[in-house]
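Quick note: the coordinates plus some simple rules give every number you see, no bench work behind them. Note that the structure is predicted; figures quoted are calculated from it, not measured. Please note: Cβ atoms are built from the backbone with ideal geometry, for glycine as well, and neighbour counts cover all protein chains shown.
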Amino acid sequence: YLKTSFEKDLLEAALKNLEDGKNKLRLNNFAYAARELTRHFLKHLAPDAEVLNAPWFKPNDPKRPKVITREQRIKYAIQGYLSDDFRKNILKIDLNEVSKNL
């Protein structure tokens, strides 16, 4: 689902970091690049305007009401505009369980 050449380059760089057995920081570098890559594709799956307009969206910081957290992007990518009750009770999706490995 990588849309831009930057995202593809970032994935390639992350994998090269992982393969570099001589680099003592290879795992740290890989983890950093992988996290940055997930930030990019989550932005595609959960655009700012959509997340901010979701009925369940509540700012984590009242002083910065338009800041969207990673967890909120993951939530939007999974449930969109569906209510929390529908996601939990009908779809039986536990966001904590799903997002803990992301």
Failed item, numbered, when Arg87 is tested on (1) more than 19 Å from Arg39 (Cβ to Cβ); (2) surrounded by fewer than 15 Cβ atoms within 10 Å (Cβ to Cβ): (2)
Filtered residues of segment 12-35 (kept if surrounded by 14 or more Cβ atoms within 10 Å (Cβ to Cβ) and within 30 Å of Leu82 (Cβ to Cβ)): Ala34
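Just the residues that are closer than 16 Å to Arg39 by Cβ, among the hydrophobic types (A, V, I, L, M, F, W, C) and surrounded by 14 or more Cβ atoms within 10 Å (Cβ to Cβ), please, taken from segment 53-84.
Applying the first criterion (closer than 16 Å to Arg39 by Cβ) to segment 53-84 yields 67-77.
Pick out the ones that are also among the hydrophobic types (A, V, I, L, M, F, W, C) and you get 67-68, 74, 77.
If the condition is that a residue be closer than 16 Å to Arg39 by Cβ, among the hydrophobic types (A, V, I, L, M, F, W, C) and surrounded by 14 or more Cβ atoms within 10 Å (Cβ to Cβ), then Ile68, Ile74, Ala77 are the ones that fit.
Condition (residue is of a type in the set (S, T, N, Q), assigned to a helix (DSSP H, G or I) and under 20 Å from Ile68 (Cα atoms)) applied to segment 6-26: is it met by at least one residue? Talk me through it step by step, then tell me what you get.
Pass one, segment 6-26, residues of a type in the set (S, T, N, Q): 17, 23.
Cutting the leftovers down to assigned to a helix (DSSP H, G or I) gives us 17.
Filter once more, so that each one left must be under 20 Å from Ile68 (Cα atoms): none.
So far as segment 6-26 goes, no, none of its residues is of a type in the set (S, T, N, Q), assigned to a helix (DSSP H, G or I) and under 20 Å from Ile68 (Cα atoms).
Restricting the search to segment 40-52, which residues are part of a helix (DSSP H, G or I) and surrounded by 11 or more Cβ atoms within 10 Å (Cβ to Cβ)? Write out each step before concluding.
Of segment 40-52, the ones part of a helix (DSSP H, G or I) are 40-45, 48-52.
If the condition is that a residue be part of a helix (DSSP H, G or I) and surrounded by 11 or more Cβ atoms within 10 Å (Cβ to Cβ), then His40, Phe41, Leu42, Lys43, His44, Leu45, Asp48, Glu50, Val51, Leu52 are the ones that fit.
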Members of segment 29-53 that are in contact (Cβ under 8 Å) with a residue 12 or more places away in the chain and of a type in the set (Phe, Trp, Tyr): Phe30, Phe41
